[in-house]
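Student: One structure is given below, represented as structure tokens, and several questions about it will come after.
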Amino acid sequence: MNQPPLRPSPGLVPTPNRPLVEQARMARTIQFDAPVTAAHYIGVRAAFALGDGSVHFTVLSAHNDVVHQCHSGAILAAVPSPDGKALLSVGDDGKLVRSSAEGSPEVLFETGGRWLEQAVASRVSGVVAVAAGKQVTVLTEGGRGKKLVFQAPAAVTALALDPKGRRLACAHRDGVSLYWALIKDSPAKTLHWKGAHIACTFHPSGDFLVTGMLENALHGWRLADGTDFQMRNYAYRPKHLSWSSKGKLLATSGAQVALLWPFEGKDGPMGKPGQQLPSRPGLVTSINHHKVDNLVAVGFADGGVHILRTRDGADLWISGPSEPFEPAEEPLEAGTAVEALAWSADGMRMAWGGQDGAAGWIELIK
């Protein structure tokens, strides 16, 4: 196997029988008392949103962690704020909360009791969108500006903003509705496909929209002419979708390997096979492309975390078991699935968190 382009801690030679989180000087493992529902980097701190409503901003020393109780119930989704300085979280208490390591949490919006289950934000436009059932609320200026409300045809199960942060995609049963986020009473353009769409993402160019489906498949549309395509036969629902830095590859969870689809040219993946990255076996439950390099972080159903190089499959074992639990087809019963993966803005740090509260982060150098 070729030498991977990143390694933890100067002078460290990784050994094959121990995960890197146990060898690197700049690494930490954490055991939370609740499931990790989201993880993101806010500056140099890894921010973990938990099922008990708390947000933990962590550094190497636990004594310098900052913890906020942001919600009275579970956090259901969290995203970085448009300015990158805080975490925006939503939960079953119906609140949108902004929190950071520098100050007290701030409630930006609340529904009066209806669950807020989805959230998305754009650094480009400053738009923040949240969803409660069929109702989608768009907030400008990072959540502190004017409010626009849209009504989707069915309960919204995923949100996405295009690269300019102006076109909003609302996934729901039997399709996706598109709105102009900053135009009041913007009429919906609906992309139809029968089934439950549980994840959605715009291509970095804005030319394609792709959804992950409860029916263990991907569906996509070329937005210029509405041509659609489908990738089937996943082992599990592909909930996590992540683009490479220039949009040439879409990495997806839900298969027994890290599966990437090519998106070069006007036809995207149509008529092209997916790329399977060789790695230890196991169901991929989360996946996240590196910000710049041809690397992808992969989380498995049994708690394993690896970094793979996309051009040749070179593998760095970061955390978790070296071999998958048996039977490989039903590992989710263990409750250890890695549900959150995050890269720092500079691509030198990576964090992860799982259903059982097991979490950690590692700092990498070139």
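Where a number appears in this text, it was derived from the coordinates with a stated rule and is not lab data. Small disclaimer: the values here were computed from a predicted structure and weren't measured. Backbone-built Cβ (ideal geometry, glycine too); neighbour counts: all protein chains shown.
Student: Give me the Kirkwood hydrodynamic radius of the chain in Å, from all C-alpha pairs, to one decimal place? Walk me through the numbers before you get to the answer.
Tutor: Values: mean 1/r = 0.0486 Å⁻¹.
Over the chain, the inverse of the mean reciprocal pair distance is 20.6 Å.
Student: In percent, what relative contact order does segment 192-305 have, based on Cα pairs under 8 Å that are 6 or more apart in sequence?
Tutor: Values: 268 pairs, mean separation 20.1, N = 114.
Averaging sequence separation for qualifying contacts and normalising by length gives 18 percent for segment 192-305.
Student: Okay, moving on. Does segment 16-104 come out rounded, prolate or oblate, given a ≥ b ≥ c as the square roots of the eigenvalues of its C-alpha gyration tensor, rounded meaning a/c under 1.5 and, failing that, prolate meaning a/b above b/c?
Tutor: Working: a/c = 2.17, a/b = 1.66, b/c = 1.31.
In terms of gyration-tensor shape, prolate.
Student: Give me the percent relative contact order of the chain, please, defined on Cα pairs under 8 angstrom at least 6 residues apart.
Tutor: Worked out over the chain, it gives 15 percent.
Student: Peptides 105-112, 281-288: what's the order by average Cβ count within 10 Å, highest mean first? The partial results should precede the final answer.
Tutor: On the way: 105-112: 15.1, 281-288: 23.9.
Highest mean packing first, the order is 281-288, 105-112.
Student: When Lys and Arg each count +1 and Asp and Glu each count -1, what net charge do the other residues less than 15 Å away from Ala342, Cβ to Cβ, add up to? Walk me through the numbers before you get to the answer.
Tutor: Numbers: positive: Arg28, Arg45, Lys291, Arg349; negative: Glu339, Asp346, Glu363.
Once positives and negatives cancel, what remains is +1.
Student: Relative contact order for segment 126-205 using alpha-carbon pairs under 8 Å, separation at least 6, rounded to a whole percent? Walk me through the numbers on the way to the answer.
Tutor: Working: 186 pairs, mean separation 19.4, N = 80.
Rounded, it is 24 percent for segment 126-205.
Student: Sort Ile42, Ile30 so the one with the fewest other Cβ atoms within 10 Å of its own Cβ comes first. It would help to have the intermediate numbers written out before the result.
Tutor: Values: Ile42 22, Ile30 18.
So the ranking, lowest neighbour count to highest, is Ile30, Ile42.
Student: Classify segment 45-179: rounded, prolate or oblate, from the alpha-carbon gyration tensor (a ≥ b ≥ c, eigenvalue square roots; a/c under 1.5 rounded; otherwise prolate if a/b is larger than b/c)?
Tutor: Details: a/c = 2.06, a/b = 1.60, b/c = 1.28.
It comes out prolate by the Cα gyration axes.
Student: If you don't mind, another one. Determine the sum of side-chain charges near Glu264: Lys and Arg each +1, Asp and Glu each -1, restricted to other residues whose C-beta is under 10 angstrom from that of Glu264. Don't skip to the end; give the middle numbers.
Tutor: Details: positive: Lys246, Lys248, Lys266, Lys272; negative: Asp267.
Charge balance near Glu264 sits at +3.
Student: Based on the Cα gyration tensor of segment 100-224, what are the three equivalent ellipsoid semi-axes, each the root of five times an eigenvalue, rounded to whole Å and given largest first? Could you put the intermediate results ahead of the total?
Tutor: Numbers: eigenvalues 115, 52, 39 Å².
Working from the Cα gyration tensor, I get semi-axes of 24, 16, 14 Å.
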